[in-house]
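Below you'll find the structure, written out as structure tokens, and then a few comments.
The values are calculated or read from the model by the stated rules, or taken from the named source; none is laboratory data. Please read these numbers as outputs of a predicted model, since none were measured by experiment. So basically every Cβ, Gly included, is an ideal-geometry build from the backbone, and we count neighbours across all protein chains shown. With ligands, DNA and RNA removed, areas are computed over all heavy atoms of the protein, side chains included. Shrake-Rupley method; radii C 1.70, N 1.55, O 1.52, S 1.80 Å.
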2 protein chains.
Amino acid sequence: MPDTIPAYLHEFLRLHPADLADRLQRLSLEEAQRILPELPADLAASALAELEHDRQRELLSALPTQKLAPLLAELPPKLVAEVLPSLEPIARRAALSALPGDQRERVQGLLRYAPDTAGGIMSDRFIALRDDMTVEQVRELLREQAQEERIEDVAYLYVTDTGGRLVGVVSLRDLLFRRSERRMTEIMNRGVQFLNATDDQEKTALQFEHYHYLGLPVLDTAGRLVGVVKATDALEVAQAEATEDMQLMVGLSGEERALTPWPTAIRRRLPWLYINLVTAFLAASVVNLFEGTIAKWTALAVFLPIIAGQGGNAGMQTLTVIVRDLALGEISVGDGRRALAKEMMLGLVNGLAIGVVVGLIGWWWKASPALGFVAFAAMLLNQLSAAFAGVAIPFGLKALRVDPALASSIFVTTVTDVAGFFFFLGLALLAMRWFGA
Amino acid sequence: MPDTIPAYLHEFLRLHPADLADRLQRLSLEEAQRILPELPADLAASALAELEHDRQRELLSALPTQKLAPLLAELPPKLVAEVLPSLEPIARRAALSALPGDQRERVQGLLRYAPDTAGGIMSDRFIALRDDMTVEQVRELLREQAQEERIEDVAYLYVTDTGGRLVGVVSLRDLLFRRSERRMTEIMNRGVQFLNATDDQEKTALQFEHYHYLGLPVLDTAGRLVGVVKATDALEVAQAEATEDMQLMVGLSGEERALTPWPTAIRRRLPWLYINLVTAFLAASVVNLFEGTIAKWTALAVFLPIIAGQGGNAGMQTLTVIVRDLALGEISVGDGRRALAKEMMLGLVNGLAIGVVVGLIGWWWKASPALGFVAFAAMLLNQLSAAFAGVAIPFGLKALRVDPALASSIFVTTVTDVAGFFFFLGLALLAMRWFGA
């Protein structure tokens, strides 16, 4: 129905690209694909850059190259470099070679770095001054480039030597007050903080938070200035990493959204649920070992959910603190022993506090002091296992160079279930043998 | 041992305040208290501002007012306003009245806003230009204030009318090129994005991420310019909110760190573990209802951990996606029905996929087709309950104006345990009655 398009367009044209992206995200794929080519190229391009990767790929791959190329030509190189990896290799090469020469070169420069590095999140919109330029020459340069929007947010300008290597920084303010004939080498500040293009993006984000930088220059291995990372880029990385950590812990992809289509979600979730199933059967086989005990003393079965529930919750508490602190760099591998000592102490106190309550209830409910004592002791041991697993598993994953969050809640609850059931049913068996409880 | 102090000092004096804060965090409280008064007031003050709130309070409350006042006098008002709430009311009033008049006034201005608002995270280090000033006058003003460090990172300057109301913005770049006699009203940009001082800090952080702002002016209810929020402030808020969400979900305080002293951690964790215990007894009492059934058919007990484990994991997957997307503003209350439909679909497919496997294993392991069928059906219903609870609980908490993350994993696993056990044992009882399985 082409007659519906103008109604849409009218409203969409007034939106900020980020808000337009939200709308494109919520439309059905068919509608979004129909609307996109009708939008002005610059607006469509900026909105595309803000879309989630799945939707980006869906929309871009549906566009023929002759529609795609003018769209991409409107985008700053950083955004083209962000969008291109969503395309199939053939479409990517076609789109790249359709770009104007200068832009293509800049995009290729940005694509050189892995997406999870400082080079992968940097922008190449910065102004580099040569160290022998005068204040007057710089003012002239800025006037010329004012149209280019290269310097919209710039408070600092970077100074390089003839080899393009970063040697200093001057503030715009300096240019206001210094005499016209002064050279950059005389007025620049030489102590510049910088990032290496291959620095991990997570560490980069933490540096921004730690030192409150608004922007940092990025150098290649030869010390040449190749880009700039802004605080808002770091903010985006930090949000994405936090989401990823939360999701990885429970067996999600790290990128799932509430409105991700269900077939995509199934593909990512089900394998982890199957792994969880294997670990659940591990716990079940511990119970199975003691089936004879339960047959004689069925009250034990009633307490299994309490053992599992308390161990699981305590383990998740420990795990959450450790995983997040590792991600934020608040603790390092060397702090493992101190963190473990704290958590074991917590496990002991929590174990006693919960164990006494569970023990007394068990005694009263089932009129069996033996059950009460077994529940008390098992709960104490279970809380200690939860504390141990909650520390050991993320530190262990880190030692294996895997993300400490990866499926860690599945592993921790396996330990708490298996250990909890084993202690509880094992102690119950001993109690039956010794006291004939 | 006063002779050990110089050794420490020597190293500490060379550190960035943020790194010094890390060191003070890791020292024992006694050591940190001894070192702090020995440091130069400006360095000590900046490091204090970076400390975690618990440690800040511990260190500050140990300082006598005559040591504290000169320390605070060194800090920019924003940092004093951040530090003061850590003090006991009496010490706080004493410290505040010991500040120089101008600084005290600015600190009180900042303290007017709740800490979780834009006003609470803003800085008052900004330069406001009057709209009738000329370019020449502004240049003069900037030259005078260059020493004051008020404008270190500034790329934009805000323009106000005689009533202090924000009317426009000029960039430093404009001041470079415009003729000296032009007035701000002529060269300023009138379409300024801004925040209200009472805006929620979380929403503020999301705006920075969404629109890539590097800084935003903050207005009071009368439209007067009262401060500026920078992207790095938003980054800090975003990190803290992500940590809080992860922690609240599992019954942590939202502020616990891996090296938080254990007595503090116990006070925050144990109440939630007791609440979890109540819900665990709820699940146990469902099992208790069917104790007679289990007594006759003990294989059922073996499958309880599998029901609980799979339901809990699937529920956590759904919950994590929903909680995080609500926090990031990716979905709103109106999206509840769409999110529920997706998750129920996932629950159905996962339930069938897992149910078939569990059912076949149950049949084979216990040589009982009835057990297999009961396990299959219970698993399917359990996965559907997990999907429902994972959506309904965070949306329900939000409707109650509580943080959707609050103890939500405890509530979700209660539902999956209770529903899972009820379906499994209830179906088993029916199977026994009908087929004498």
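For region B:382-437, a residue qualifies if it is under 31 Å from the mean Cα position of the chain (by Cα) and without any contact (Cβ under 8 Å) to a residue 12 or more places away in the chain, and the qualifying residues are B:G396, B:L397, B:L400, B:R401, B:V402. Only residues that are at the interface with another protein chain (Cβ under 7 Å from one of its Cβ atoms) and either within 36 Å of the chain's Cα centre (by Cα) or more than 30 Å from A:A407 (Cβ to Cβ) (or both) were counted in region A:280-289, giving 4.
Kindly indicate which of B:Q247, B:Q239, B:Q207 is of a type in the set (S, T, N, Q), within 24 Å of A:D233 (Cβ to Cβ) and at the interface with another protein chain (Cβ under 8 Å from one of its Cβ atoms). Steps first, answer last, please.
Values: B:Q247 fails: within 24 Å of A:D233 (Cβ to Cβ); B:Q207 fails: at the interface with another protein chain (Cβ under 8 Å from one of its Cβ atoms).
Checking each option against the conditions leaves just B:Q239.
In region A:172-187, which residue that is outside any helix (DSSP H, G or I) and under 15 Å from B:E140 (Cα atoms) is modelled with the highest pLDDT? Top of the filtered list is A:R179. Of the set (1) modelled with pLDDT under 95; (2) open to solvent by 10 Å² or more (accessible area, probe 1.4 Å); (3) touching a helix residue (DSSP H, G or I) at 6+ places or on another chain (Cβ under 7 Å), all apply to A:M344 but (1). Cβ-Cβ distances below 6 Å connect the following pairs, each with a first residue in region A:45-56 that is within 15 Å of A:L71 (Cα to Cα), a second residue that is part of a loop (DSSP other than H, G, I, E, B), and a separation of six or more residues or different chains: A:A45/A:E74; A:A45/A:L75.
Checking A:G396, A:G334, A:G292, A:G309 one by one, the residue that is facing another protein chain (nearest Cβ under 10 Å), surrounded by fewer than 18 Cβ atoms within 10 Å (Cβ to Cβ) and assigned to a helix (DSSP H, G or I) is A:G292 and no other. Scanning region B:253-267 for residues that are among the hydroxyl-bearing types (S, T, Y) and part of a helix (DSSP H, G or I) yields a total of 1. Just give me the residues in region A:220-252 being open to solvent by 20 Å² or more (accessible area, probe 1.4 Å) and polar (S, T, N, Q), in sequence order. Hit for region A:220-252 is A:T221, nothing else. Using the structure shown, decide if A:D325 is open to solvent by 10 Å² or more (accessible area, probe 1.4 Å), of a type outside the set (F, W, Y) and out of contact with any strand residue (DSSP E or B) (no Cβ under 6 Å at 6 or more places or on another chain). Against the criterion (open to solvent by 10 Å² or more (accessible area, probe 1.4 Å), of a type outside the set (F, W, Y) and out of contact with any strand residue (DSSP E or B) (no Cβ under 6 Å at 6 or more places or on another chain)), A:D325 does not qualify.
Filter region B:210-219 for residues that are open to solvent by 10 Å² or more (accessible area, probe 1.4 Å) and either at the interface with another protein chain (Cβ under 10 Å from one of its Cβ atoms) or touching a helix residue (DSSP H, G or I) at 6+ places or on another chain (Cβ under 7 Å) (or both) and give the result.
B:H210, B:Y211, B:H212, B:Y213, B:L214, B:G215
The sole residue among A:P37, A:P76, A:P89, A:P70 that is under 24 Å from A:V229 (Cα atoms) and either in contact with a helix residue (DSSP H, G or I) (Cβ under 9 Å, 6 or more places away or on another chain) or open to solvent by 40 Å² or more (accessible area, probe 1.4 Å) (or both) is A:P76.
Take region A:152-171 and flag every residue that is among the β-branched types (V, I, T) and either surrounded by fewer than 17 Cβ atoms within 10 Å (Cβ to Cβ) or in a strand (DSSP E or B) (or both). Break it down stepwise before answering.
Within region A:152-171, the first condition is being among the β-branched types (V, I, T), and the residues that meet it are A:154, A:159-160, A:162, A:167, A:169-170.
A:V159, A:T160, A:T162, A:V167, A:V169, A:V170 - these are the residues of region A:152-171 that are among the β-branched types (V, I, T) and either surrounded by fewer than 17 Cβ atoms within 10 Å (Cβ to Cβ) or in a strand (DSSP E or B) (or both).
Of the residues making up region B:337-383, just one is under 24 Å from B:L319 (Cα atoms), more than 10 Å from chain A (Cβ to nearest Cβ) and polar (S, T, N, Q), namely B:N382. Listed conditions (1) in contact with a Gly (Cβ under 9 Å, 6 or more places away or on another chain); (2) open to solvent by 20 Å² or more (accessible area, probe 1.4 Å) are all met by B:L277, apart from (2). Scanning region B:210-233 for residues that are at pLDDT below 90 and touching a Leu at 6+ places or on another chain (Cβ under 7 Å) yields a count of 4.
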